[in-house]
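Novice: Encoded as structure tokens, here's the structure I'll be asking about.
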């Protein structure tokens, strides 16, 4: 999990914030909530395998219309690079 705590450049931070802001605006979820979700997911998965948290991508989008009513449901998608499947204690 060392990548999780590495210092990012100001460009990387700005890019991440913009992505979170755009995604959160689309689904009415605050940027702070998106960061909390990303952090919690990283903590849980890191218990079982070594992941590259610096390159994680978490998105919430809407599905296509379901049924006759045309209701769109939010969906959480995560792309999390796995560095090692065997977690070393």
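Novice: Which residues, counting only those in the stretch 39-53, are in a helix (DSSP H, G or I), touching a helix residue (DSSP H, G or I) at 6+ places or on another chain (Cβ under 8 Å) and either at positive phi or buried (at least 16 other Cβ atoms within 10 Å of the Cβ) (or both)? If you could, list the steps in order and put the result at the bottom.
Specialist: Restricting attention to the stretch 39-53, the residues satisfying the condition of being in a helix (DSSP H, G or I) are 39-46, 53.
Now restrict to residues that are touching a helix residue (DSSP H, G or I) at 6+ places or on another chain (Cβ under 8 Å): 42, 46, 53.
42, 53 - these are the residues of the stretch 39-53 that are in a helix (DSSP H, G or I), touching a helix residue (DSSP H, G or I) at 6+ places or on another chain (Cβ under 8 Å) and either at positive phi or buried (at least 16 other Cβ atoms within 10 Å of the Cβ) (or both).
Novice: What number of residues within the stretch 21-38 are under 10 Å from residue 58 (Cβ atoms) and either exposed (fewer than 11 other Cβ atoms within 10 Å of the Cβ) or at pLDDT 65 or above (or both)?
Specialist: 4
Novice: Give all pairs with beta carbons closer than 7 Å in which a residue from the stretch 45-56 that is without any contact (Cβ under 8 Å) to a residue 40 or more places away in the chain meets a residue that is surrounded by 15 or more Cβ atoms within 10 Å (Cβ to Cβ) and in a helix (DSSP H, G or I); count only pairs at least 6 apart in sequence or on separate chains.
Specialist: 56/38; 56/42
The values are calculated or read from the model by the stated rules, or taken from the named source; none is laboratory data. These numbers were taken from a predicted model, which means no experiment stands behind them. All Cβ positions, even for glycine, are placed from backbone atoms using ideal geometry, and neighbour counts span all protein chains on display.
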